[in-house]
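Comments concern the structure below.
The values are calculated or read from the model by the stated rules, or taken from the named source; none is laboratory data. As the structure is a prediction and not an experimental result, all values here were calculated from the model. Positions of Cβ are generated from backbone atoms using ideal geometry, with glycine treated the same way; all protein chains shown enter the neighbour counts. Accessible surface is based on the protein model in full, side chains and every heavy atom, while ligands, DNA and RNA are left aside. Shrake-Rupley method; radii C 1.70, N 1.55, O 1.52, S 1.80 Å.
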Amino acid sequence: MENTPVFWVGFNIFVLGMLMLDLLVFNRKAHVVRMREALGWSCFWIALSLSFNFLVYRTMGRQAGLEFLTGYLIEKSLSVDNLFVFLLIFSYFKIPQQYQHKILFWGIIGALILRAAFILVGAALLAKFHILLYVLGAFLVYTGVRMALSAGEPEIDPDNNPIVKFLSRYMPVTSKLEGDKFFVRKDKLLFATPLFVVLLMVETTDVVFAADSIPAILAVSRDTFIVYTSNVFALLGLRAMYFALAGLMKLFHYLHYGLALILVFIGFKLLTTDYLATRGYEIPMSISLGLVGLILAVSVLVSVLLPKKEEVES
């Protein structure tokens, strides 16, 4: 496996092919995604990701394999917070379950394009300006502390979303859903539907989350190939994970503390890399991967063992 333009084109064609197969063949008709189907797809995407990880390990070496797995695990775990916000958005707009899959599909297409741009620009800047490593490290520590101190559920406020405000100013929006359509034509005028408004909300929300997750993965690896592919594979399984965890997300009430600790650890590691290197020492990627996995496991276990009072009462 070579990190060449031909491989990049081939990889993206493969990803788009898998997404089209998902949308046009397996999920051609709008339907409610049941738990069994969601778990099946989750297992498929995880197996595909780990198979690619094994390919990276065999062709690019142990270090690259560990970097891919660490980046994949970080992005996958940070996505849980993202999924909870998606759940709130769907609830706010009362989007039927059978239409949620289509929104998430096109939302992920947009996320893949935006994150590719973020990764390429971020990697180029880090390669040119070494001091940005310290800025990135400090940002991750700050983000982790902010996440740990934040309390309560995030608020969904479409009226103050700049993208939604821009749309409503220049294009009429229907008052109700029009099936699974994003646009409809009435009296020769093109109308956006609430489904398209929700898609914009999902896209802009993902941009906010990418501001945390992309720096975290860039802190793990400076190889754009590793960063991009690990991010892509984490996103590919996002829809299936949403439907598998939709009814369980509130149970993981301590997970955000674990995610906050992971961000602080990665930021601290980045800030101390040069200092440790001058003394001939570095934190091995295997230790970083093990620590990330341990923090996630402990935060999930504590959430299960110590449920919130309202969960116990219900």
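Taking Leu190 as the residue in question, decide whether it is touching a Pro at 6+ places or on another chain (Cβ under 9 Å) and either modelled with pLDDT under 85 or not polar (S, T, N, Q) (or both).
yes
Selection of the range 162-178 for residues being surrounded by 11 or more Cβ atoms within 10 Å (Cβ to Cβ) and assigned to a loop (DSSP other than H, G, I, E, B) yields Met171, Pro172, Thr174, Leu177, Glu178.
Take the conditions (1) in contact with a helix residue (DSSP H, G or I) (Cβ under 7 Å, 6 or more places away or on another chain); (2) at pLDDT 80 or above; Phe129 misses just one of them, which is (1).
Among the criteria (1) touching a residue at least 24 places away in the same chain (Cβ under 8 Å); (2) over 17 Å from Ser77 (Cβ atoms), the one Lys165 does not fulfil is (1).
If I ask for residues that are open to solvent by 40 Å² or more (accessible area, probe 1.4 Å) and more than 23 Å from the chain's Cα centre (by Cα), which ones from the range 261-275 would you list? Leu271, Thr273, Asp274, Tyr275 - these are the residues of the range 261-275 that are open to solvent by 40 Å² or more (accessible area, probe 1.4 Å) and more than 23 Å from the chain's Cα centre (by Cα).
Reported count of residues in the range 11-42, each being of a type in the set (Val, Ile, Thr), open to solvent by 40 Å² or more (accessible area, probe 1.4 Å) and at pLDDT 80 or above, is 1. Selection over the range 208-260 of residues that are surrounded by fewer than 20 Cβ atoms within 10 Å (Cβ to Cβ), under 11 Å from the mean Cα position of the chain (by Cα) and not in a helix (DSSP H, G or I) gives a count of 0. All of Leu291, Leu263, Leu301 fail the test of being modelled with pLDDT of 85 or more, in a helix (DSSP H, G or I) and in contact with a Ser or Thr (Cβ under 6 Å, 6 or more places away or on another chain), apart from Leu263. Going by what's in this entry, would Lys102 be described as of a type in the set (Lys, Arg) and free of Cβ contacts under 8 Å to residues at least 40 places away in the same chain? Considered against the rule, which asks whether it is of a type in the set (Lys, Arg) and free of Cβ contacts under 8 Å to residues at least 40 places away in the same chain, Lys102 comes out as no.
Among the residues of the range 121-136, those identified as free of Cβ contacts under 8 Å to residues at least 40 places away in the same chain, part of a helix (DSSP H, G or I) and surrounded by fewer than 13 Cβ atoms within 10 Å (Cβ to Cβ) are Val121, Ala124, Lys128.
Listed here are the residues, each with its yes/no results for (1) under 30 Å from Gly17 (Cα atoms); (2) out of contact with any strand residue (DSSP E or B) (no Cβ under 8 Å at 6 or more places or on another chain); (3) in contact (Cβ under 8 Å) with a residue 60 or more places away in the chain.
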site: Arg222; (1), (2), (3): yes, yes, yes
site: Arg239; (1), (2), (3): yes, yes, yes
site: Tyr257; (1), (2), (3): no, yes, yes
site: Leu294; (1), (2), (3): no, yes, no
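Got a sec? Which of Leu114, Leu88 is in a helix (DSSP H, G or I), under 20 Å from Pro215 (Cα atoms) and either of a type in the set (A, V, I, L, M) or free of Cβ contacts under 8 Å to residues at least 24 places away in the same chain (or both)? Leu114 is the lone residue from the list that is in a helix (DSSP H, G or I), under 20 Å from Pro215 (Cα atoms) and either of a type in the set (A, V, I, L, M) or free of Cβ contacts under 8 Å to residues at least 24 places away in the same chain (or both). For Ser175, are the conditions met, namely being farther than 24 Å from Cys43 by Cβ and in contact with an Asp or Glu (Cβ under 7 Å, 6 or more places away or on another chain)? The answer is no for Ser175. Just one of (1) under 22 Å from Ala138 (Cα atoms); (2) surrounded by 14 or more Cβ atoms within 10 Å (Cβ to Cβ) fails for Pro284. It is (2).
The lone criterion from (1) in contact (Cβ under 8 Å) with a residue 12 or more places away in the chain; (2) aliphatic (A, V, I, L, M); (3) more than 24 Å from Pro194 (Cα to Cα) left unmet by Ile109 is number (3).
Kindly establish whether Leu114 is under 23 Å from Leu195 (Cβ atoms), under 20 Å from the mean Cα position of the chain (by Cα) and open to solvent by 60 Å² or more (accessible area, probe 1.4 Å). Here the answer is yes, as Leu114 does meet what is asked.
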